[in-house]
1. Only residues that are aliphatic (A, V, I, L, M) and either under 16 Å from GLY15 (Cβ atoms) or touching a strand residue (DSSP E or B) at 6+ places or on another chain (Cβ under 7 Å) (or both): list them for segment 44-98, please.
2. Being surrounded by fewer than 16 Cβ atoms within 10 Å (Cβ to Cβ) and either touching a Gly at 6+ places or on another chain (Cβ under 8 Å) or farther than 26 Å from TRP123 by Cα (or both) narrows it down to one of ASP235, ASP265, ASP225, so name that one.
3. Could you please tell me which pairs satisfy a Cβ distance under 9 Å, a separation of 6+ or placement on different chains, a first residue in segment 135-156 that is without any contact (Cβ under 8 Å) to a residue 24 or more places away in the chain and on the phi < 0 side of the Ramachandran plot, and a second residue that is of a type in the set (Ser, Thr, Tyr) and exposed (fewer than 13 other Cβ atoms within 10 Å of the Cβ)?
4. Going through ASN203, ASN215, ASN194 one at a time, which residue ends up being polar (S, T, N, Q) and modelled with pLDDT under 95?
5. ASN176 is checked against (1) in a loop (DSSP other than H, G, I, E, B); (2) within 15 Å of the chain's Cα centre (by Cα) and fails just one. What number does that condition carry?
6. For residues that are part of a loop (DSSP other than H, G, I, E, B) and within 15 Å of the chain's Cα centre (by Cα), scanning just segment 179-216, find the one that is farthest from VAL114 (Cα to Cα).
7. Show me the helices (runs of 4 or more DSSP H) found entirely inside segment 218-276 where at least 3 residues are under 30 Å from ASN203 (Cβ atoms).
8. Looking at VAL210, VAL191, can you tell me which residue is in contact with a Ser or Thr (Cβ under 6 Å, 6 or more places away or on another chain), of a type in the set (Val, Ile, Thr) and under 22 Å from VAL149 (Cα atoms)?
Amino acid sequence: KKLYFLANGGMPHHGDLKLHLDDLKQDIEKGITDKNYSGLTVIDMESWRPVFRQNSGWMTIYRNLTFKEVNETLADELEKTPTNTEVRNYLIKEGAKIFEPKAKEFLNESTLLVKDLRKSAKWGYYGFPYCFNMGQALSARNETCPTIVQKENNETSWFFKSYDYWFPSVYISNDNFTKDEREMLVRGRTVEYNRLRDLFNKNAEIYPYVWYLYNLRDEYLSVEDLKMTLRTLKDNKMDGAVIWGSSAHLKKLNECQNLYNYVNDTLKPVLEQLKI
């Protein structure tokens, strides 16, 4: 499998917006044949993020390539000395000026198109708004979303105003996280979602994604963690939840049976207890 090759320009500011919209239109017309479809409709846009700084992890390639457009010498220097925060901050600031305007255009035009094609559908994007609370490092385990992320979310208000159905993520992990820390992750994120809704789109309905497995683990959520997650969403005025799983975990008969048992023996009783 070929990784990190430039496809269609590689980045929003080198992309072909018309080509993208033409392809998107074909995908919608093929994938949602009912023009009167009115259900939840999630755009799974995880290739890059419109806030330039937030392109981290495997998305760092977008930052690195844009850094070279800003100043190749400084980009090379940062690659050799990753701890040089002065250079990094400069490159992020200048890189955002290149990356973010076109990213905004791609998302805005995409949203307008899909809402026009299927007017009754409840459109939204997976993952947004982001929070990035409760990081892996002990020093980053704060319930509140980092101040810089809240600021970036405020500056991305154009996005949150453009559609009325939000599908962020509250996946929890049991790797080195306590029960209280898992609850802090979910609660802290719902606070941010409500903050943004109150500020920018009071009509928004919020349906956080809940994975019935622990994040990146082949292990089902315990009854306690499932109940905690759904109760926290309900108590913090979320409009519902998308309980999600991957077909990658349903390739064998026993895996299908395990999910069937989990739904009947764990999920259904929890939903009944919480009166959801």
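The values are calculated or read from the model by the stated rules, or taken from the named source; none is laboratory data. The shown structure was predicted, so the numbers you read here are calculated from the model rather than taken from an experiment. Cβ sites come from the backbone with ideal geometry, for glycine too, and all protein chains shown count toward neighbours.
1. Result: MET45, MET59, ILE61, LEU65, ILE98.
2. It is ASP265.
3. none
4. Testing whether each residue is polar (S, T, N, Q) and modelled with pLDDT under 95 leaves just ASN215.
5. Against the list (1) in a loop (DSSP other than H, G, I, E, B); (2) within 15 Å of the chain's Cα centre (by Cα), ASN176 comes up short only on (2).
6. Filtering segment 179-216 for residues that are part of a loop (DSSP other than H, G, I, E, B) and within 15 Å of the chain's Cα centre (by Cα), the one farthest from VAL114 (Cα to Cα) comes out as ASN215.
7. 223-235, 268-274
8. None of the others qualify; the one that does is VAL210.
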